[in-house]
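All of the numbers you see were taken from the coordinates with simple rules; none came from a lab. Predicted model, so just to flag it, every value in this text is computed and none were measured.
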Amino acid sequence: MNAELDNWRTRIEADPGVRFAISLDRLAYAKDNYRLGTDLVRTFVRTVDRTTLTGQLAHDVATLRAGMQALTGRTTVLIGQYADLALTVRDAGGSLFDFETDAWAREVFERIGSADPELAGLIAERSAA
């Protein structure tokens, strides 16, 4: 058992923002991320007027924006930038991908993608092709 890696596991499990960032990072490597329209959803999230959003959509957009900012180093996670955390966990003998699947990010992308009719249409066209 690796005590240092167990410590990181505990810290990561306790931080939903870090867990979502890991899930989002994993989704970027999924074979079907283009079909899911992840690029379209990211663009929507970057450009939508967030003051017009309510309910689950507002929550999902905020969650995705926070995850995107963590991955790009605009916000800190646990010890600093996401890349620093990835290196620290790797040096401890693990991978951030050991701690989270892409399921959470996938759910958020699917909810956002289906909540806006225009965006849903673009994703459906892409999926059908």
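Provide the gained length on full extension for the span ARG50 to THR88, in nm with one decimal, where the gain is 0.36 nm per separating residue minus the Cα-Cα distance. Before the final figure, lay out the partial values.
Numbers: separation 38, 0.36 × 38 = 13.68 nm, distance 3.44 nm.
Full extension of this stretch gives 10.2 nm more.
Per DSSP helix of 4 or more residues, -39500 (n - 2.57); summed, then divided by the residues of the chain. What does that give at 222 nm, rounded to the nearest 500? Spell out each step's value before the answer.
Working: 7 runs with 85 residues, N = 129.
After summing the helix terms and dividing by the residues of the chain, the value is -20500 deg cm²/dmol.
Hey, got the Cα dimensions of the chain along the principal axes, in Å, largest first?
Principal-axis extents of the chain (Cα, largest first): 49, 33, 20 Å.
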